[in-house]
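The values are calculated or read from the model by the stated rules, or taken from the named source; none is laboratory data. Bear in mind that the values here come from a model prediction, so they are computed numbers and not experimental data. In this analysis, Cβ positions are derived from the backbone assuming ideal geometry, glycine residues included, and neighbour counts consider all displayed protein chains. The protein model used for the area step is the full one, side chains on, heavy atoms only, and it has no ligands, DNA or RNA in it. Shrake-Rupley method; radii C 1.70, N 1.55, O 1.52, S 1.80 Å.
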Amino acid sequence: MRKTSPAVRIKRFFTTPRGTLAGLWIAFFLNMGGMGAFVPYAGLYYESINLQGWQIGQLSSIRSLVSFISSILLAFLSDVLRRHKLILRACILTMITALLLYPRAASFTTLLPIVMLYSITLSPTNSILTRTTLNALDNPRDYSVVRMGGSIGWGIITLVTGLLLDDPAFDLNIIFSVHIFFLILLFIFSWFLPETDQSSSRVGDKASPRDVWTMLRLPAFLPWMGIIFLWGLTEASVSSFLFLHIKHIGGSPALMGTALSVSLLGEIAALAAAKRIQHKVGSRRMMILAFVVRVFWFAAAAALQEPFLILINMFIGGTSFSLIHAGGVAYINQRAPGRISTTAQALRGAFQFGLGGSAGALISGALYQAYGSAALYRIMAGISLIGLFLALLLRSVEHFREKTTA
């Protein structure tokens, strides 16, 4: 009797229900872990090659704006072609190419095309993994359990990268090497992800632009995307300038990594409870709660001057991301036609990280250069308060319409 090779046994395991969940969890871990080594430290790298605050903001804005466009187009292409894993692999290889070019650029002008190349394929990977997960799960509310792999990957690798940067043997170029390593692992692991490219009862007929137009015209759909946009705008100040803020109040690279790891604990706690929270209050109130946490986080970040105290604040802030992310994914999954599920999730990400991130990075860069990081976060607390008010108002209008039409 012929023995089954280890590769075949591994492949068979990932086709079982338990193996499918494990495989998706690992994919999120690898994807977000790699990003955790690079994205939070990009601002430090840009400052190390003598870029100014407005230039750092512009590069972050370009990354977000390009991702806004490319995530929607590539996600829609994957829905039309039903070749999600093929496009995922193409995105991974493109990001690796861009990361290999990053250390060769030493000015704002030479960095521009490299940032654009990296950004084109950054967001579609998350949309494809989210779509694959939602289609593989019997209960979409279990998405938060799988997505937890990404949170853990982000936190652990951010911490490890910070510790490496504290070692004189390493310089900031290590952020590119670690990101590339995880992308290579994700590329290899993509062959073990569940097959969701074939037609199914969930996917339905072939996607068309009319489906997207129909979704955009759903009552209150675009206003909620506007709420998500505002959250993404404020988040850009965290992703681009948090480490610079910690540096300016006396924190070390190790503390920076620790801060994001502590944020991860709050994120995991919220993700673990996300299914129960969604069942109790619904997806839209989850997004409202995210703004409540966000207002407190920014106000505290602006006031704190002792570096180690920011760790407490980071735990609280981590819950905000989980609430807006899990709430947003659930809201889109409830309302979008199945055949454009990848496009719909990409649209949510585009409003949050693309359009919101682009506008937020530009505004944050200008505010940081003019007034410093503490003032930047005070202003972001005000913007978050406006977002909270608008979200409450929108939910009240929806509730009134539901009662009058009942």
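The share of alpha-carbon pairs in the range 210-306 lying farther apart than 21 Å comes to 49%. Dipole of the chain computed with +1 at Lys/Arg Cβ and -1 at Asp/Glu Cβ about the Cα centre; of Ser261, Val212, Ile316, farthest Cα towards the positive end is Val212.
With distances taken between every two different alpha-carbon atoms, the chain has a Kirkwood hydrodynamic radius of 21.4 Å. As a length-normalised measure over Cα pairs under 8 Å and 6 or more apart, the relative contact order of the chain settles at 29 percent. The heavy atoms of His248 offer some 100 square angstrom of accessible surface to a 1.4 angstrom probe.
Using a 1.4 Å probe on the protein chains only, how many percent of the accessible area of the range 229-310 belongs to carbon and sulfur? Carbon-and-sulfur percentage of accessible area, whole number: 67. The translational diffusion coefficient of the range 43-94, from Stokes-Einstein at 37 °C and 0.692 mPa s with a Kirkwood hydrodynamic radius over alpha carbon pairs, comes to 255 µm²/s. Net length available on complete extension from Glu306 to Arg83 is 75.3 nm, with 0.36 nm assigned per residue and the Cα-Cα distance removed.
In the calculated pair-distance distribution of the range 8-101, the portion above 19 angstrom amounts to 60 percent of the Cα-Cα pairs.
What you get for the chain, charging only the Cβ of Lys and Arg (+1) and of Asp and Glu (-1), is a dipole of about 1520 debye around the Cα centre. Work from the charge dipole of the chain (Cβ charges, +1 for Lys and Arg, -1 for Asp and Glu, about the Cα centre) and give the residue of Ile152, Thr234, Gly365 farthest towards its positive end. The listed residue farthest towards the positive side: Ile152.
Apply the a/c threshold of 1.5 to the C-alpha gyration tensor of the range 269-406 and tell me whether it is rounded, prolate or oblate. Note, shape of the range 269-406 comes out prolate. Ellipticity at 222 nm from helices only: DSSP H runs of n ≥ 4 in the chain, each -39500 (n - 2.57), divided by the residue count, give -27000 deg cm²/dmol. Classify the range 53-184 as rounded, prolate or oblate, taking a ≥ b ≥ c as the square roots of the eigenvalues of its Cα gyration tensor: rounded when a/c is under 1.5, otherwise prolate if a/b is larger than b/c and oblate if not. Oblate is the answer for the range 53-184, as a/c is 1.5 or above yet b/c matches or exceeds a/b.
Given a 1.4 Å probe, how much area per residue of the range 338-406 is accessible, in Å²? Before the final figure, lay out the partial values.
On the way: 3090 Å² over 69 residues.
Averaged over the residues of the range 338-406, the accessible area is 45 Å².
For the range 78-128 and the range 207-270, compute the distance between their C-alpha centroids and round to whole Å. A separation of 20 Å, based on Cα centres.
For the residues Ala106, Ala336, Ala136, a GNM of the chain with alpha-carbon springs under 10 Å puts the largest fluctuation on Ala106. Counting protein heavy atoms only, the range 1-126 has 69 percent of its accessible area on carbon and sulfur, 1.4 angstrom probe. Short-range pairs are left out: with C-alpha atoms under 8 Å and at least six residues apart, the relative contact order of the range 293-375 is 29 percent.
With loop membership from DSSP and a limit of 15 other Cβ atoms within 10 Å, the longest segment of the chain without trypsin sites (Lys or Arg not before Pro) is 218-406. Positive end of the dipole of the range 45-148 (Cβ unit charges, origin at the Cα centre): among Ser61, Leu101, Cys91, the Cα lying farthest that way belongs to Cys91.
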